[in-house]
Amino acid sequence: MDIPSREECLLLLQELQMPHHIQRHSMMVAKIALHLGKLLNTNSIRVNLSLLEAGSLLHDVGKPQSIVTGEKHEELGARMLRERGYRWLAPIVMEHVSLDRKRIEGPINESVLVNYADKRVKHDRIVTLEDRFDDLMDRYAKTEAHRLRMKEKLALFMELEHKIFDHLSIRPSGKEIMSLTLEDN
């Protein structure tokens, strides 16, 4: 399995001239995902921490170019990673934006954890799902129908959160998660 190391992921972000704020966001997503992955690995769930970290660091790899091309950043990012030979990362990047009932009912895996962790980070700060979705609705919901769809997505993510934390002895809004920072080792 060809998974880039943390250092290789960070070099790729630099090579692609990823804006600093997106790099910081991605590093915080990785911080949460790895924290949860390590805790899950001590319980009943097993995830590949190297794949989880690389998927987290590169989940928004297509974002800057997508702004120029108008493509969906998850599709562009997945294609970019496949072209570089990172076929194991492409599905994680492709699936980090959306969530549906099938994925909630499926296994807790690297893709689901990156998706969840991404929704817990506003810019480069950890927030609750409610806070994150309030921000997303304020910025992107143009119509009442769109707001309703986003509220439905929030409900799905809340279900996912319950599923993940049912395997853990910490709470989603507990200090173990909310106090993580980029400066932590």
Does at least one position in the range 106-124 carry a residue that is under 20 Å from Ala54 (Cα atoms) and of a type in the set (Gly, Ala, Ser)?
yes
Matching residues, the range 88-142, being assigned to a helix (DSSP H, G or I), of a type in the set (A, V, I, L, M) and farther than 22 Å from Arg171 by Cα
Ala90, Ile92, Val93, Met94, Leu136, Met137
Kindly evaluate Met18 against the criterion of being under 12 Å from the mean Cα position of the chain (by Cα), farther than 18 Å from Ile108 by Cβ and crowded, with 16+ Cβ neighbours inside 10 Å.
no
Residue check, Ser111 crowded, with 19+ Cβ neighbours inside 10 Å and in contact (Cβ under 8 Å) with a residue 40 or more places away in the chain
yes
Per-region count, the range 143-185, residues under 18 Å from Lys38 (Cβ atoms), of a type in the set (Val, Ile, Thr) and not in a helix (DSSP H, G or I):
2
Within the range 155-164, can one find any residue that is among the small types (Gly, Ala, Ser), at pLDDT below 95 and either more than 19 Å from the chain's Cα centre (by Cα) or at negative phi (or both)?
no
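The values are calculated or read from the model by the stated rules, or taken from the named source; none is laboratory data. Just so we're clear, the structure is a prediction, and the values are computed from it rather than from any experiment. Methodologically, a virtual Cβ is constructed for each residue, glycine included, from the backbone with ideal geometry; neighbour enumeration extends over all protein chains shown.
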